[in-house]
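Here the structure is laid out as structure tokens; the discussion comes afterwards.
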Amino acid sequence: MGPPGAGKGTHAKIMSERYGVVHLATGDLLRANVKAGNELGRQAKAIMEKGELVPDVLVIQMIRERLAEKDAKAGFILDGFPRTVAQAEALKKMLQDLQLKLDAVLDFKVSEKVVLDRLSGRRVCPECNANYHIRNIPPQKEGICDQCGTRLIQRKDDKPETVLERLKVYEAKTAPLIDFYKKSGLLRTLNGDLDVEPLQAELGQLS
Ligand code: AMP
């Protein structure tokens with residue numbers, strides 16, 4: 001949990017490698033569908049570019065199929081899902097059906113100033129989804145992905161006007177989930193303003 005730019009993707013990726021579990025980022029999955037030009041991608045593209053949420057029914061179906069794949073059996077880290085109460089309810093049901101349970105819900109609290117700085121400087125690899133920041137996490141060779149050599153891009157929805165919309169959407173639709181998970185006793189709150197290493201140290205103390 002956390003607004004755009006809170007560090008969810010960066011830390012989910014590090015932890016998925018550390019614990020040997022899959023990193024399931026709905027944003028990455030949706031962008032792959034957009035790139036593939038399939039029906040889901042066609043429906044999602046314009047919504048994503050405006051910084052709004054893709055309809056629950058589409059995202060829930062996509063994650064249901066993904067969670068049923070073999071590699072999710074050993075565990076997974078969800079990143080960017082659930083983002084609405086309806087998605088959280090659907091997730092609960094899906095996990096019951098699969099006889100799985102959540103171990104924790106991590107909530108990254110972050111200030112707006114840090115979000116705006118992180119997103120304006122964020123660069124991503126359109127091929128392997130690696131994330132960089134022009135100052136905080138620069139690639140070894142400027143503008144090029146360290147992992148696969150692809151030219152980095154700025155996401156269209158990281159432009160300032162879309163970022164403000166995404167923050168509004170987060171407050172209205174996603175922030176209410178914090179209470180939902182607080183009640184379940186699974187919520188762990190983290191200081192998302194911290195840089196990658198100190199926040200990893202905080203995460204390490206949770207386990
Ligand atoms: P992200 O990469 O997590 O910042 O997601 C990028 C965009 O994908 C969001 O602004 C939404 O348009 C869409 N998206 C990602 N995850 C979800 C979700 N769980 N529900 C609805 N839309 C989503």
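The values are calculated or read from the model by the stated rules, or taken from the named source; none is laboratory data. For clarity, every value in this text was computed on a predicted model and none was experimentally measured. In this analysis, Cβ positions are derived from the backbone assuming ideal geometry, glycine residues included, and neighbour counts consider all displayed protein chains. The protein model used for the area step is the full one, side chains on, heavy atoms only, and it has no ligands, DNA or RNA in it. Shrake-Rupley method; radii C 1.70, N 1.55, O 1.52, S 1.80 Å.
Some values worked out for this structure:
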{"item": "Output for region 1-40, where each listed residue is away from the ligand (no atom under 11 Å from the Cβ), within 16 Å of the chain's Cα centre (by Cα) and basic (Lys, Arg)", "result": "LYS13"}
{"item": "Only listed residue being without any contact (Cβ under 8 Å) to a residue 40 or more places away in the chain, of a type outside the set (A, V, I, L, M, F, W, C), under 18 Å from ARG31 (Cβ atoms) and within 11 Å of the ligand (Cβ to nearest atom), chosen from ARG83, ARG166, ARG155", "result": "ARG155"}
{"item": "Candidates ILE137, ILE144 - the one that is hydrophobic (A, V, I, L, M, F, W, C), at pLDDT 95 or above, surrounded by 12 or more Cβ atoms within 10 Å (Cβ to Cβ) and more than 18 Å from ASP79 (Cα to Cα)", "result": "ILE144"}
{"item": "Hey, ARG64 part of a helix (DSSP H, G or I), open to solvent by 70 Å² or more (accessible area, probe 1.4 Å) and more than 10 Å from the ligand (Cβ to nearest atom) or not", "result": "yes"}
{"item": "Boolean, GLN43 is within 14 Å of the ligand (Cβ to nearest atom), assigned to a helix (DSSP H, G or I) and open to solvent by less than 10 Å² (accessible area, probe 1.4 Å)", "result": "no"}
{"item": "Out of ALA32, ALA74, sole residue that is outside any helix (DSSP H, G or I) and more than 25 Å from ASP195 (Cβ to Cβ)", "result": "ALA74"}
{"item": "Matching residues, region 170-207, being assigned to a loop (DSSP other than H, G, I, E, B) and surrounded by 16 or more Cβ atoms within 10 Å (Cβ to Cβ)", "result": "GLY192, ASP193, LEU194"}
